Amino acid sequence: MKFQLAINLERMNDRIAMPEVARHTLAMVQMAERGGFETVWAAEHHALEMTIAPNPFQILTWWASHTETIRLGAAVAVAPYWHPIKLAGEAALLDLISGGRLQFGIGSGAYQREFDRIRPGLKQTDAWRYTHEMLPALKALWAGDYQHQGEFWRFPTSTSVPKPLQKPHPPIWVAARAPITFDYAVQHGCNIMSWPLTRPFSEVELYKARLDEAVAAQASQRATPPPRPTFAVMRHTALYAKQSEWETPIRAVQCALGQFENLFRNLGDVNNGFPKQIALAELANQEQYDPQTLRENLMFGTPAQVIEKLKRYEELGVDAFIYYASMGLAHQPQKKSLELFCGEVMPAFA
C-alpha cells in the first residue's frame with residue numbers, strides 16, 4: 001500500500017497570519033516527500049478560509065518548485081468552473097514544468113454555496129454532467145487538434161498548449177462514492193479516490209465492493225478486461241505518542257466538521273470567508289460525530305493503533321491511503337503526527 005497526503009492551506013479563524021499558514025503547509029509537503037509519500041493533493045475551493053485553494057495548479061506549481069520527487073495531484077479540479085481549453089493547458093503546463101509529476105483529479109464540486117457564486121443557477125447535484133463532458137474533451141485536446149460541440153461547451157478546432165509530458169496524458173483520478181461514478185471511472189480508465197467521511201470501516205468495504213462490481217461489469221462487456229484502477233481511500237489522520245493526548249485531535253476535527261456541515265447543508269452562515277461552526281449535537285446524524293465514534297472510524301491513534309487500522313485497509317485491497325492532514329489541528333501537533341506516521345507507521349508497510 002502506498003501513501004499520499006492531502007493538505008490544504010486552512011484557517012479556522014483569523015488569529016493566524018496567512019504567511020505562517022503557507023510556511024506550515026509547504027513544510028508538511030516537504031516532510032511528506034522526505035518520508036516517502038508518493039503523492040500530495042491540493043483541492044479547489046473558493047471564498048472559504050478553511051480550504052484556501054482558488055486554483056490547485058498554482059498551489060501545485062508552488063510545491064513543485066520546492067520538491068523533487070513527490071507527485072503532485074489536483075483533488076479535484078471542479079469541471080463546471082473551467083473551460084476545457086484552459087483546464088487542459090494549465091494541467092499540461094504543470095506536468096511539463098514539474099518533470100511529469102502531475103496526478104490529474106477531476107470532479108463535480110462539493111458545496112452549493114460555491115456554485116451559487118461561481119456558476120449561478122447550477123445545482124451541485126447536476127454538476128456530474130459537466131465532468132462527463134469535460135473528460136473526453138481534455139483527452140482529445142491533450143492528443144492534438146480537436147473541435148467540440150457539446151451541451152455545455154462549444155469551440156472550433158483547438159489543442160492543448162503545451163502538451164503534457166506524460167503520455168498519452170497524466171493519470172486521471174475521480175472522486176467516487178456512488179455506483180455510477182465507479183462505473184464511469186472503470187469505463188474511462190480513471191483511478192478512484194474515495195472519502196468515507198466519518199463513517200465506519202464498513203463504508204470502505206462498500207466502496208471496494210462497488211469497484212469490484214464495476215470492474216466485473218466492464219470485463220463482461222469487453223473482449224479484453226479493463227485494467228483495474230488504483231483504489232485510494234482518504235481519512236482524517238492524527239497520530240499521538242501518548243493515549244492521554246487522544247482528545248486534542250477529536251476536538252479539532254469536531255470543529256472542522258461543524259464548519260463542513262454548515263457548507264454541506266448550504267446554511268449560508270459564513271462571515272468573511274469563515275463558516276460558522278454548527279452545533280453537532282443539533283444534527284440528525286450527530287452520532288457520526290461522537291468522540292468515540294470519531295476515534296474509532298478516523299485514522300486517529302498511537303502508531304501501533306494506526307498500523308493495526310491500516311492493515312485492514314491493505315487486506316481489503318486499498319492500493320493507496322490518503323492521509324488527510326487538514327482538520328483544524330494546530331501546526332505543531334500536525335507536524336508531530338506526520339513525523340510519527342513517517343517514522344513509525346510507514347516502515348510497517350515497506
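Observations on the structure shown:
- Close Cβ contacts (under 6 Å, 6 or more residues apart or on different chains) running from residues in region 1-15 that are over 30 Å from residue 271 (Cβ atoms) to residues that are surrounded by fewer than 16 Cβ atoms within 10 Å (Cβ to Cβ) comprise 1/314; 1/349.
- Test: residue in region 121-130 that is touching a residue at least 60 places away in the same chain (Cβ under 8 Å) and aliphatic (A, V, I, L, M): no
- Of all residues in region 322-342, none that is without any contact (Cβ under 8 Å) to a residue 40 or more places away in the chain and farther than 13 Å from residue 7 by Cβ has its Cβ atom under 8 Å from the Cβ atom of a residue that is buried (at least 17 other Cβ atoms within 10 Å of the Cβ) and among the hydrophobic types (A, V, I, L, M, F, W, C), 6 or more apart or on another chain.
Condition check ((1) over 22 Å from residue 315 (Cβ atoms); (2) surrounded by 16 or more Cβ atoms within 10 Å (Cβ to Cβ)) across all residues:
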{"position": "191", "(1), (2)": "no, yes"}
{"position": "213", "(1), (2)": "no, no"}
{"position": "216", "(1), (2)": "no, no"}
{"position": "222", "(1), (2)": "yes, no"}
{"position": "230", "(1), (2)": "no, yes"}
{"position": "236", "(1), (2)": "no, yes"}
{"position": "246", "(1), (2)": "yes, yes"}
{"position": "249", "(1), (2)": "yes, yes"}
{"position": "270", "(1), (2)": "yes, yes"}
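- Residue 34 in contact with a helix residue (DSSP H, G or I) (Cβ under 7 Å, 6 or more places away or on another chain), of a type in the set (D, E, K, R), over 28 Å from residue 229 (Cβ atoms) and assigned to a helix (DSSP H, G or I): no
- Filter pass, residue 145 being under 29 Å from residue 29 (Cβ atoms), touching a strand residue (DSSP E or B) at 6+ places or on another chain (Cβ under 9 Å) and modelled with pLDDT of 95 or more: no
- Residue 61 satisfies every condition listed in (1) buried (at least 20 other Cβ atoms within 10 Å of the Cβ); (2) closer than 21 Å to residue 164 by Cβ except (1).
- A count restricted to region 283-299 and to residues that are closer than 13 Å to residue 254 by Cα and touching a residue at least 60 places away in the same chain (Cβ under 8 Å) stands at 5.
- In region 85-106, the count of residues that are among the hydroxyl-bearing types (Ser, Thr, Tyr) and either assigned to a helix (DSSP H, G or I) or closer than 28 Å to residue 272 by Cβ (or both) is zero.
- The residue that is modelled with the highest pLDDT, among those in region 224-239 that are part of a loop (DSSP other than H, G, I, E, B) and in contact with a helix residue (DSSP H, G or I) (Cβ under 7 Å, 6 or more places away or on another chain), is 229.
- Inside region 288-334, residues that are out of contact with any strand residue (DSSP E or B) (no Cβ under 9 Å at 6 or more places or on another chain), farther than 21 Å from residue 245 by Cα and small (Gly, Ala, Ser) make up a count of 0.
- Test: residue in region 168-180 that is exposed (fewer than 14 other Cβ atoms within 10 Å of the Cβ), hydrophobic (A, V, I, L, M, F, W, C) and farther than 30 Å from residue 212 by Cβ: no
- For residue 25, the stated conditions hold: it is in contact with a Leu (Cβ under 7 Å, 6 or more places away or on another chain) and either of a type in the set (S, T, N, Q) or free of Cβ contacts under 8 Å to residues at least 24 places away in the same chain (or both).
- Inside region 253-266, residues that are in contact with a helix residue (DSSP H, G or I) (Cβ under 8 Å, 6 or more places away or on another chain) and either at negative phi or among the β-branched types (Val, Ile, Thr) (or both) make up a count of 6.
- The residue list 18, 28 contains one member that is closer than 22 Å to residue 263 by Cβ and more than 15 Å from the chain's Cα centre (by Cα), which is 18.
The values are calculated or read from the model by the stated rules, or taken from the named source; none is laboratory data. What you are looking at is a predicted structure, and each value in this text was computed from that prediction instead of being measured. Quick reminder, even Gly has a Cβ in these numbers, built from the backbone with ideal geometry, and neighbours come from all protein chains shown.
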